[in-house]
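One structure is given here, and the rest of the page talks about it.
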Amino acid sequence: MANADQILTLIRSHIDKDENLFLKIALQISAVEAKAGHAVLARSIQDLVNQKKTPRFATLPKPLTQAVSSEFFIPIYESSTLSDLILEPSSLEQIERVIVEFKRRIQLRQHNLDNRKRILLYGPSGTGKTMTASVIASEIGLNLYLVRTEKLFTKFMGETSQNLAQVFDFIANVPAIYLFDEFDTLGTQRGNENEVGEQRRILNTFLQLLDRGAEESIVLAATNNIDAIDKALFRRFDDVIKYQLPTLVEIKKYLKERFCRYKKLSIPKIAKLFADMSFGEIKIVCSEVLKESILYDVEITEESIKKVISQRIFAYKNIG
């Protein structure tokens, strides 16, 4: 049952009209009741919280300290659904499992089991890792925050580990989906020739904090460079999801949805134009082609698609 501190915090949050804190404490009490075997009470609390839950695109929840929130987190307001993801069936199944387990986490806790809440996503840029974070947040109904890993590192010994501790305190107290992008900057393998002792201490701190976990949050780590990740980290994640460039079949499926109104287009033919491109790149090209058609009232043709693709390839080659 609720302890004295939780009861006092509930009353204080009501007086201060701090709805986010009130709901957070309510979820903590629900988790305690579930572990105690009081399934009906736990479910009732959670149902009431879900009815009152703040819309996903609300302002940033009241943080533990304003400095932590503004410096280390960026709220992401993109809303996506499972139907927006075009991935291998096995990868989609893993994502669906994360969502289902979170929604039924109280039932799992009655059997001393935890839902998946530490997930590693890896693969090339533009293959859907960030969109996956958005999908999970949307399907579950929680806010999505990008953790600014570049802000965690400082030149002062020990300060990076302190920053990490603050971030995980926030994660433990503010239920949400948290995305550590470019995770390899934190998870570099121990023992590298150029590694210094501070990097090893940072990684060890992260491992300890990740093990501590958070009852009502999900931590996602995304990387394009899986080979740089320390092998010890793999054991700390509940699931590892692989992303890769789309197959021709997946490209066709996506193009059929984007160009469904353009019957003159040969989807099998234009799909080949997008070979070896990521979904991120394909989406940009399709958007540019559609915008050009709308703005200048012109037909979408194979040639117009080729033109946009060639423009982007030229831009990539001349970056820097």
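For region 235-245, in order, what is each residue's ³J(HN,Hα) by Karplus, 6.51 cos²θ - 1.76 cosθ + 1.60 with θ = phi - 60°, in whole Hz (x at glycine and Pro)?
Computed from phi, the couplings for region 235-245 are 5, 7, 8, 6, 7, 10, 10, 9, 10, 8, 4 Hz.
Convert each backbone phi in region 6-14 into a coupling constant with the Karplus relation 6.51 cos²θ - 1.76 cosθ + 1.60 (shift: θ = phi - 60°), then list the ³J(HN,Hα) values in order as whole Hz, x for Gly and Pro.
Those phi angles translate into 5, 4, 4, 5, 4, 5, 5, 5, 5 Hz.
When only the heavy atoms of the protein chains count and the probe is 1.4 Å, how do ASP297, ASP181, ASP114, ASP239 rank by accessible area, highest first?
The residues order as ASP297, ASP114, ASP181, ASP239, largest area first.
Could you tell me the accessible area of PHE153 in Å² (1.4 Å probe, neighbours in place), rounded to the nearest ten?
70 Å²
If you average the C-alpha positions of region 264-294 and of region 72-119 separately, how far apart do those two centres end up, in angstrom?
That distance is 29 Å.
Send over the per residue convex hull volume for region 84-129, Cα only, as a whole number of Å³.
Given the Cα convex hull of region 84-129, per-residue volume reads 79 Å³.
For VAL100, VAL285, what's the largest-to-smallest order of accessible area, 1.4 Å probe?
Ranking VAL100, VAL285 by accessible area, largest first, yields VAL100, VAL285.
In region 222-320, what trypsin sites (Lys or Arg not before Pro) fall in a loop by DSSP, with at most 16 other Cβ atoms inside 10 Å?
For trypsin sites (Lys or Arg not before Pro) across region 222-320 that sit outside H, G, I, E and B with at most 16 neighbouring Cβ atoms in 10 Å, the list reads ARG235, ARG261, LYS263, LYS264.
Heavy atoms only, probe 1.4 angstrom, no DNA, RNA or ligands counted: give me ILE270, ILE226, ILE294 ranked by accessible area, highest first.
Descending accessible area places them as ILE294, ILE226, ILE270.
What is the sum of charges around ARG148, taking Lys and Arg as +1, Asp and Glu as -1, for the other residues whose C-beta is under 12 Å from the C-beta of ARG148?
Summing Lys and Arg as +1 and Asp and Glu as -1 gives -3.
For region 200-260 and region 2-23, what is the centre-to-centre distance using only Cα atoms, to the nearest Å?
Here the two parts' Cα centres lie 35 Å apart.
The values are calculated or read from the model by the stated rules, or taken from the named source; none is laboratory data. Computed from a predicted model, the values in this text were never measured in an experiment. Here the Cβ is made from the backbone with ideal geometry for all residues, glycine too, and neighbour counts use every protein chain on show. When the accessible area is computed, the model is the full protein with side chains, heavy atoms only, and any ligands, DNA or RNA have been set aside. Shrake-Rupley method; radii C 1.70, N 1.55, O 1.52, S 1.80 Å.
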